[in-house]
Amino acid sequence: MDRRNNRRDAEGSSVITANRLLDGRIVWLAADGQWSPHIRNARVYSNVEIEDALKEQTASAQDNELVGVYGVQVSLSPTGPVPVTSRECIRAGGPSVHPDFTPEWQERPAVSPA
Amino acid sequence: MSHAPHSSLPVGHYAYDEVDRTFLKQRVAQFRDQVERRISGALTEEEFKPLRLMNGLYLQLHAYMLRVAIPYGVLNSGQMRTLAQIAQRYDRDYGHFTTRQNIQFNWIKLEDTPDILALLADADMHALQTSGNCIRNVTADQFAGAAADEVIDPRIHAEILRQWSTLHPEFTFLPRKFKIAISGSPQDRVAARFHDIGLMARKDENGRAVFEVYVGGGLGRTPIVGVKLRDDLPEEDLIAYLEAILRVYNEFGRRDNIYKARIKILVQALGVQEFRNRVNAEFVAMDRARYRLDEKIVAAIQARFGVPDFDPAGQAAEKLIQQRKADRAFDFWVRTNTHAHKQPGYVSVTISCKPAGGIPGDVTSAQMNLLADLADQLSFGELRITHLQNVVLGHVRQDKLYALWQTLDQNGLGTANVGFISDIVACPGLDYCALANARSIPIAQKLSERFASPELQREIGPLRLNISGCINACGHHHAGHIGILGVDKRGEEAFQITLGGAADQDTVSIGQIIGAAMSEDETVDAIARIIDTYLARRTAGEQFIDTCRRLGTAPFKDAAYAPA
Ligand code: HEM
Ligand code: SF4
């Protein structure tokens with residue numbers, strides 16, 4: 001992954017993200033250890049502890065059917081973590097030019113039953 | 001060799017035979033197997049990535065992105081319907097036409113990709129050569145086979161080059177990607193001098209094709225205008241000479257640094273004369289007979305292209321004149337969105353995919369299906385995608401234009417802005433692209449809304465506005481009269497303005513950055529002030545680019561950075 005996204009200040013906090021292997025969708029590592037499409041569920045790590053967590057998640061990425069695990073620096077808001085860069089805000093919320101394509105966007109089954 | 005009668009061939013593009021179809025089916029089966037092995041974990045992401053890229057599949061910001069090839073931008077109505085079906089069934093109901101005459105789908109699932117490729121193969125389509133360090137999709141004039149000023153239909157040679165380059169063993173692992181464009185009219189509509197190789201075809205005194213060959217042009221991080229290597233390359237040497245250029249590039253091009261790997265860097269490093277000498281040395285040493293492009297081969301390829309069976313002109317032209325008189329809005333659309341055809345009674349139509357406030361190049365599946373229907377009814381079932389992200393119906397009878405325009409207008413495709421400021425070229429930018437610094441689409445939407453008034457646009461006149469979300473320049477910002485480049489200011493999006501770029505052959509130039517980056521809204525305001533300056537300072541008959549060249553960038557820079 002792009003090195004730009006791994007820029008983290010020593011005293012900041014971050015969350016862990018990846019793309020799902022099968023459909024490419026963005027997911028965030030949640031407090032319960034599951035990968036969620038919603039950043040609001042993401043577990044927040046201090047930038048000191050995140051390196052170990054990243055190593056661990058990178059090692060298990062294939063088992064979890066994930067690609068491109070990396071950390072994203074966030075600030076904390078009442079609604080949950082908010083990435084500090086525009087790029088990661090767009091990843092978390094969906095393309096700004098399609099307000100309907102949020103992570104909630106529900107897909108129809110690829111092949112609809114007859 | 002026997003050929004099917006013309007009427008059974010697809011108009012405007014090469015008819016596949018069983019060999020082509022079998023090959024595509026094999027490639028789909030191969031990729032299906034690779035995807036299965038990736039999902040099972042037998043292939044790691046590092047092993048799989050080059051394989052998926054060879055099949056046009058990228059991992060972008062939100063999902064996988066599939067880039068489907070549209071060779072020289074031409075497709076038939078059935079192929080357009082296949083694209084619509086993919087958009088509807090496997091994506092979020094739309095696709096994005098690109099500056100390389102291809103289409104991108106933004107929400108593709110890895111697990112669906114083999115099925116999508118199979119669907120494409122059923123329509124004689126694929127995603128090969130849309131990625132990786134190979135010879136990419138050859139682009140051609142969007143008015144090929146139609147333009148009144150055309151001397152040679154460039155699609156025939158584009159197809160010959162496609163066949164030569166597809167899977168050419170030597171050229172699958174070039175130092176870097178390689179892009180070729182070809183034009184068959186003296187008016188360059190393909191930006192020949194911004195390509196790795198640009199070809200301008202004309203006829204010699206015996207009616208055979210000869211080529212002007214430009215090499216080493218490109219945009220991106222290091223924008224360079226291509227230089228002329230040959231003025232009069234005979235058709236029979238076309239393959240040999242291009243092979244020689246590629247061999248020199250393959251041998252001497254840099255592989256140690258991705259930013260210095262394009263052929264333009266090699267041409268600059270060696271100097272044109274030395275580069276030419278090396279190409280010539282390679283060329284004379286080659287087994288020329290083996291690479292000779294025989295007239296018979298050209299004729300055989302040409303015979304696989306269907307040609308339109310035109311109706312007599314009749315009263316078509318007169319009827320159009322009356323309709324234009326009766327409806328001013330229609331008249332304005334005809335002025336901007338049509339192009340002179342070689343066949344009396346016909347015109348080519350450019351359908352704008354740039355409505356005010358819209359996303360440049362995005363088309364819904366419903367629109368794709370409509371375009372396919374219109375192509376069947378009005379243009380021999382053939383469509384073209386332009387490098388300016390619009391769609392062309394090549395051969396429309398003049399007396400059918402009015403009804404066409406009305407239908408387009410009812411479906412959000414009737415904007416009369418081709419060549420104007422709101423006919424914006426924009427890459428996907430940070431809304432989709434993993435490499436982006438800034439979003440290209442929202443600023444394009446703001447600008448096209450700001451300048452939406454048809455009267456204002458006509459007053460401003462011809463103007464190219466191009467936007468790229470990063471220095472890779474997929475939106476060709478350096479080639480725009482006004483260019484916008486997205487940059488990253490400590491995690492925040494910002495934009496630089498370039499002025500004075502142009503891609504027309506005689507006056508080709510690279511836009512120059514006028515100053516420090518600004519926010520999105522500041523940039524929109526700055527461009528409005530730049531336009532005001534042009535309107536105030538232009539002399540009679542001057543277009544924006546002329547005024548820009550006459551005055552230089554200083555007055556525009558002053559206006560752009562004037563305190564609000
Ligand atoms: C979203 C996925 C895309 C990615 C990851 C991507 C990546 C790149 C990169 C890395 C380059 C620079 C290559 C080099 O100079 O060697 C490039 C160049 C280019 N891209 Fe894209 N691109 C994307 C989408 C597009 C789209 C949508 C278009 C058309 C609108 C496009 C058209 C081009 C063109 C024409 C160039 C050549 C500029 C030149 O002459 O050097 N790309 N792209
Ligand atoms: S110019 Fe940059 S942001 Fe735009 S598509 Fe190309 S790589 Fe992505």
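The values are calculated or read from the model by the stated rules, or taken from the named source; none is laboratory data. Quick caveat, the model's predicted, so the values are computed rather than measured. Ideal geometry is used to build each Cβ from the backbone, glycine not excepted, and the neighbour counts take in all protein chains shown.
A compact table of results
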{"quantity": "Count of segment B:113-131 residues which are in contact with a strand residue (DSSP E or B) (Cβ under 9 Å, 6 or more places away or on another chain) and either free of Cβ contacts under 8 Å to residues at least 24 places away in the same chain or within 13 Å of another protein chain (Cβ to nearest Cβ) (or both)", "calculated": "2"}
{"quantity": "Checklist (1) within 16 Å of ligand 2 (Cβ to nearest atom); (2) assigned by TED's automatic domain parsing to the domain that holds residue B:262 applied to residue B:98, failing item", "calculated": "(2)"}
{"quantity": "Residues (among the aliphatic types (A, V, I, L, M), surrounded by fewer than 24 Cβ atoms within 10 Å (Cβ to Cβ) and within 14 Å of chain A (Cβ to nearest Cβ)) located in segment B:406-442", "calculated": "B:434, B:435"}
{"quantity": "The one condition in (1) surrounded by fewer than 24 Cβ atoms within 10 Å (Cβ to Cβ); (2) within 23 Å of residue B:93 (Cα to Cα); (3) away from chain A (no Cβ under 14 Å) that residue B:403 fails to fulfil", "calculated": "(2)"}
{"quantity": "Given (1) closer than 24 Å to residue B:43 by Cα; (2) crowded, with 21+ Cβ neighbours inside 10 Å, index of the condition residue B:139 fails", "calculated": "(1)"}
{"quantity": "Matching residues in segment B:58-90 - criterion: being within 14 Å of chain A (Cβ to nearest Cβ), away from ligand 2 (no atom under 16 Å from the Cβ) and either over 26 Å from residue A:88 (Cα atoms) or surrounded by 22 or more Cβ atoms within 10 Å (Cβ to Cβ) (or both)", "calculated": "B:85, B:86, B:87, B:88, B:89"}
{"quantity": "Answer from B:438, B:403, B:452 - the residue that is part of a loop (DSSP other than H, G, I, E, B), more than 12 Å from ligand 1 (Cβ to nearest atom) and more than 24 Å from the chain's Cα centre (by Cα)", "calculated": "B:452"}
{"quantity": "Residues located in segment A:39-96, provided they are aliphatic (A, V, I, L, M), closer than 25 Å to residue B:488 by Cβ and outside any strand (DSSP E or B)", "calculated": "A:39, A:44, A:50, A:54, A:84, A:90, A:92"}
{"quantity": "Hits in segment B:258-276 (condition: more than 16 Å from ligand 1 (Cβ to nearest atom) and outside any loop (DSSP other than H, G, I, E, B))", "calculated": "B:270, B:272, B:273, B:274, B:275, B:276"}
{"quantity": "Filtered residues of segment B:86-118 (kept if touching a helix residue (DSSP H, G or I) at 6+ places or on another chain (Cβ under 6 Å) and in a helix (DSSP H, G or I))", "calculated": "B:86, B:87, B:88, B:90, B:112, B:114, B:116, B:117, B:118"}
{"quantity": "Any hit, segment B:420-432, residues being away from ligand 2 (no atom under 13 Å from the Cβ) and closer than 23 Å to residue B:76 by Cα", "calculated": "no"}
{"quantity": "Breaking point among (1) more than 24 Å from residue B:258 (Cα to Cα); (2) within 15 Å of ligand 1 (Cβ to nearest atom), for residue B:43", "calculated": "(2)"}
{"quantity": "Any hit, segment B:161-170, residues being away from ligand 2 (no atom under 16 Å from the Cβ), at pLDDT 90 or above, in contact with a helix residue (DSSP H, G or I) (Cβ under 9 Å, 6 or more places away or on another chain) and away from chain A (no Cβ under 14 Å)", "calculated": "no"}
